[in-house]
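The values are calculated or read from the model by the stated rules, or taken from the named source; none is laboratory data. Fair warning: this is a prediction, and the values are worked out from it, not measured in the lab. Here the Cβ positions follow ideal geometry from the backbone for every residue, glycine too, while neighbour counts run over all protein chains shown.
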């Protein structure tokens, strides 16, 4: 019998509602309805087992494993154990990630953005096509299944995914996210400009680019009509790969729905890219103005990077209510530059964090938190008139970077009232972090956390150690809407074959097509 509530007990850490250099740290109990996955209440006076018993008695609850004759509404109790330095933290929100590029993680050599796209990215994405109608390739399944598994394992409960130009593979990604329990925005990439797209990887035509997007939107809305877990997002790759007609058509497509669909694209990532945009759109005032001219700059737009935005562009983005996804690992890996996040925040622009796999080498938002802090420390050396106190203001604290990874990301995807924190009424999207007890050198196993807690640290210090030294081994459990979606008993890569075959059957394929598909999977 499903318990009515899940009671989470222990230490809870989250960010305040606005950007702050402090964290809110509570010890107590928080309960979540299993009916809708929302937080129904908190009691920060629960410290001991006796306090917990008093709470259960007051609420008329009984643990789900209590004897049958015990009266009371059944509840499940999950603890973050103080003696193991465990705590609950909101799920991470990845506002920019390329799912089909995950197999290329760590492969960028010494290239910069535009060369990297041609050498690594476009060939990988093109390989996700399939000769079978409505059936994605086994390669697409293997990569998408793995990236969803890996991001969940790293505590990412919401991801804004770029897919490829292929409808069946994009639909597969949406279905996998829904089945695995990861919230996601799923976008079929649009690129119809032959001048900046490869002949082997381009939309058939501008008109078909729009129509193929409608197919993806229909699929996503069919599998999740309320948009509880997955939603479509309009995804022009970036200005250079899209014709003006396509950009206008995509903007019109977004506004044809109620509420309007989200939009995601790239902006001002690389200086050569910016130069090429100016050449391609000579009448535009700026890169941001290109998107604004064609209706793509909206309150539901996520712009990745924004490394080299001019003050006028920053003002335009703020005025339109568009958001920025800061991708520090990618910006460093591809040598794109350093985004002045503090200046964006001071201008009132909403900023979230993105891994930007595979320009970014890691699917971990925790790594993005680290990199956001690190690169901000370098800005004083590259920003004019940023010495002394002015330079110090550009530095992001650990607490501020964690805000970007949670509350900031939630605002970037227009869900700030639903996810990103532990406020009453919010959806319980969270991770249980395990730092572990102190283990003397020589007694550690290979699977142990690499965070050393000696026992005298404050909770603030423990959080800092987790940020700088933690990884997916510290993630003991992940919940989305109160449901456990990642834990030690989760399937992963091992489920590829049966799950891919399940997808084939669900697509209604029988006879020769199914036989050919299975033969391809075995190759």
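Points to keep in mind about this one:
- Some residue of the stretch 504-519 being at pLDDT 60 or above, in contact with a helix residue (DSSP H, G or I) (Cβ under 7 Å, 6 or more places away or on another chain) and not assigned by TED's automatic domain parsing to the domain that holds residue 144: no
- Flag if residue 263 is surrounded by fewer than 24 Cβ atoms within 10 Å (Cβ to Cβ), in contact with a helix residue (DSSP H, G or I) (Cβ under 8 Å, 6 or more places away or on another chain) and outside any loop (DSSP other than H, G, I, E, B): no
- Those residues of the stretch 469-490 which are surrounded by fewer than 15 Cβ atoms within 10 Å (Cβ to Cβ) and under 20 Å from the mean Cα position of the chain (by Cα), in sequence order: 483, 487
- The set of residues in the stretch 196-210 being part of a helix (DSSP H, G or I) and loosely packed, with under 13 Cβ neighbours inside 10 Å consists of 208 alone.
- Residue list for the stretch 18-36, restricted to those being exposed (fewer than 15 other Cβ atoms within 10 Å of the Cβ) and over 18 Å from residue 460 (Cβ atoms): 18, 35, 36
- Residues that are in contact (Cβ under 8 Å) with a residue 60 or more places away in the chain and within 16 Å of the chain's Cα centre (by Cα) number at least 3 in the following helices (runs of 4 or more DSSP H) confined to the stretch 282-378: 365-376.
- The combined condition, being closer than 30 Å to residue 185 by Cα, surrounded by fewer than 16 Cβ atoms within 10 Å (Cβ to Cβ), modelled with pLDDT under 95 and not assigned by TED's automatic domain parsing to the domain that holds residue 30, is not fulfilled by residue 385.
- Exactly one residue out of 391, 425 is in contact (Cβ under 8 Å) with a residue 12 or more places away in the chain, outside any helix (DSSP H, G or I) and surrounded by fewer than 24 Cβ atoms within 10 Å (Cβ to Cβ), and it is 425.
- Test: residue in the stretch 110-117 that is assigned to a helix (DSSP H, G or I) and either modelled with pLDDT of 95 or more or surrounded by fewer than 21 Cβ atoms within 10 Å (Cβ to Cβ) (or both): yes
- Residue in the stretch 74-95 that is under 20 Å from the mean Cα position of the chain (by Cα) and assigned to a helix (DSSP H, G or I) present: no
- The residues of the stretch 169-192 that are under 20 Å from residue 303 (Cα atoms) and in contact with a helix residue (DSSP H, G or I) (Cβ under 6 Å, 6 or more places away or on another chain), listed by number, are 184, 186, 188, 190, 191, 192.
- Residue within the stretch 37-44 that is part of a helix (DSSP H, G or I) and crowded, with 17+ Cβ neighbours inside 10 Å present: no
- Screening residue 301 on (1) surrounded by 23 or more Cβ atoms within 10 Å (Cβ to Cβ); (2) over 23 Å from residue 414 (Cα atoms) shows it passes everything except condition (2).
- Checking each residue in the stretch 217-227 for being in contact with a strand residue (DSSP E or B) (Cβ under 6 Å, 6 or more places away or on another chain) and outside any loop (DSSP other than H, G, I, E, B) picks out 217, 220.
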